[in-house]
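Rule-based calculations on the coordinates, nothing more; no lab input. Since the model is a prediction, treat every value here as computed from it, not as a measurement. Cβ coordinates were reconstructed from backbone atoms using ideal geometry, including for glycine residues, and neighbour counts include every protein chain displayed.
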Amino acid sequence: MKIIRITTENEISVHDFPEGSHHVQNKVLRELIGPRCELYEHVMPNRLYKNLGASNKVGKEKGSYVSMLVDEEGLYHNLEINMAGSYLYETDKHGCAIVGNILIVGEVWERNGIDFCGISDAQFALLYPKLEELTKKARDVK
């Protein structure tokens, strides 16, 4: 299953969700967010659901629900603003920007609670073209 990465340069890329233990998965996710990322934050940005139509109901189908991961300490590290992430997070309404690279990941309800996973094919087909268009518009503004 796939995850989507959007950089501060408004470049979008697709990656496989990492295999292995939670420790291994978290290490790879942090590396994708950025080389200084030691702790990521789980974010559920309104526009991802309201404007792009992503599902916000976590269920037992892997990746049927999506969310965003960001560098929790990005402001401390003086990372650049992520235009796409900030748009999704409605920064224009409250002033708190998303900085650093972001990941769009899937979620699944499992026996021990909610886990991150890749994005379902249906959610990926819905979101990727819209996120690609969003990053293109952000590049044109820069």
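A Cβ-based charge dipole, computed about the Cα centre of the chain with Lys and Arg at +1 and Asp and Glu at -1, lands at about 380 debye. Computed over the chain, the quotient of the alpha carbon radius of gyration and 2.2 N^0.38 Å is 0.97. I want to verify the translational diffusion coefficient of the range 1-68 in µm²/s; compute it with Stokes-Einstein, Rh as the Kirkwood radius over Cα pairs, at 20 °C and 1.002 mPa s. D, rounded to a whole number, is 159 µm²/s. Under the simplified labelling scheme, the Arg36-Asn112 pair shows an inter-label distance of 3.2 nm, with each label point 7 Å from Cα along Cα→Cβ. What GluC sites (Glu not before Pro) in the range 1-50 are in a loop by DSSP, with at most 16 other Cβ atoms within 10 Å of the Cβ? Passing both the DSSP loop test and the Cβ count: Glu9, Glu11, Glu19, Glu38. Computed extension gain for Val43 through Asp121, at 0.36 nm per residue and net of the alpha carbon distance, reaches 26.0 nm.
Each of Asp115, Asp140 was scored by other Cβ atoms within 10 Å of its Cβ. Listed from fewest to most, they are Asp140, Asp115. Of the residues Ile114, Ile12, the one with the fewest other Cβ atoms within 10 Å heads the list, and the complete ranking is Ile114, Ile12. Considering only DSSP states other than H, G, I, E and B, which chymotrypsin sites (Phe, Trp or Tyr not before Pro) in the range 32-85 qualify as loop sites with at most 15 other Cβ atoms within 10 Å? Passing sites in the range 32-85 are Tyr76. Whole-Hz Karplus values for the range 78-94 come out as 6, 6, 6, 5, 9, 4, 5, x, 5, 4, 4, 7, 6, 4, 4, 8, 10 Hz, taken residue by residue from phi with 6.51 cos²θ - 1.76 cosθ + 1.60 and θ = phi - 60°; glycine and proline positions read x. Mean residue ellipticity, 222 nm, helices only, the chain: the sum of -39500 (n - 2.57) across DSSP H runs of n ≥ 4, divided by residue count and rounded to 500, is -10000 deg cm²/dmol.
Within the range 1-107, the trypsin sites (Lys or Arg not before Pro) that combine a DSSP coil assignment with at most 15 other C-beta atoms in a 10 angstrom radius are Arg36, Lys57, Lys60.
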